[in-house]
Amino acid sequence: MIVLGIDTATPKASVAVLKDGNPLGETSTGGEKSHSETLLLTINSVLDDAGFSLKDVSLFAVGLGPGAFTALRVGVTTMKAISYALSIPLVGISTLNVLAAKAQYDGVILPIIDARKGEVFTAPFEIDKCGDVKRLGGYNSLKPDELFKLNDLHGGQCLLLGSGVPIVKDMIGDNVKIADEALWNVDAAFLCRLALKKFKQVRAPVPKEIKPLYVRKSDAEINLAKKISIKNNAEKQY
C-alpha cells in the first residue's frame, strides 16, 4: 500500500511517500518560502523520486497541527482537494502525535511546537506496551511556566522535543529531559505510519470532516472580538 503524507504545521514542511511501511522518498522544505509556494512542487518531487504519481497513491495523510494557522490551512486544504479529486482516502493526524511517535521514550513525552507569543503547543503522551502513541491529556497552548507545571503533574522527567524547545531551553531545570535535536523536526514518514494504522482500524472520514487542529483563536478572531466588545461598550454609554 502506497501512502503519501505531508505536514505543514511548522515552517519546515515535511513530505514522505511509503510503500508497505518502507520510506521510498522523503524531504523537508527549508522554511524560507511559504508552504503555498513550495508544497505542490515538493509533493511532485518526492513522488517523482519514488517513481510514482498521485494516482498511484492508496492513502493520503495530513498533519493537523496545532501550528501556524495559515500554514495548516494550506496543508489541509491542499490534501483535501487532492483526496476529493482522485477519490483517494485521507486521514488526519495531530502533528504532536507524530512528534511523540518519533521519541520512543519510556516515560511521558511532551512534544512542543512554537506557538509564537512566547507560548508552545503541547500535549502529554506515552508509548504503550504495544508501541502505540497514547495521549494522556488535552492539547494546549502554554507559557513556559505552565509547561513545567504540566511536567511536574506527570511526575517530572518528561521528554521535550519539537520546534518549541528553543523557547523554553534556557528555563529548563534538572527534572526535564530534552531529546536529541535530530528528533525536533516533524517527520512525515511517521505521519504515514500512524495514518495507515488508523485507516486500518477505523477507515477514513470524508474529506470535509478533516479540519486543522486550532488550539487557540487566531489573531483575526481575537481582534474581531475586541472590536465587537469596544462597539458594545460604546453603545451602552448612549
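Every number in this text was worked out from the coordinates using simple rules, so none of it is lab data. Just so we're clear, the structure is a prediction, and the values are computed from it rather than from any experiment.
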*Calculated diffusion of region 126-208, Stokes-Einstein form, Kirkwood radius summed over Cα pairs, 4 °C and 1.567 mPa s, µm²/s*: 86 µm²/s
_Cross-link pairs LYS55/LYS200; LYS149/LYS197; LYS55/LYS80; LYS33/LYS143 - those with Cα-Cα distance over 22 Å_ = LYS149/LYS197; LYS33/LYS143
_Calculated on alpha-carbon atoms, Rg and Dmax of region 56-171 in Å_ = 15.7, 48
*Three principal axis extents, largest first, for the C-alpha atoms of the chain, in Å?*
64, 51, 36
*Potential lengthening between SER58 and LEU153 on full extension [0.36 nm per residue; Cα-Cα distance subtracted]*: 30.1 nm
_Let me check the size of region 2-76 from its C-alpha atoms; what are the radius of gyration and Dmax in Å?_
11.7, 33
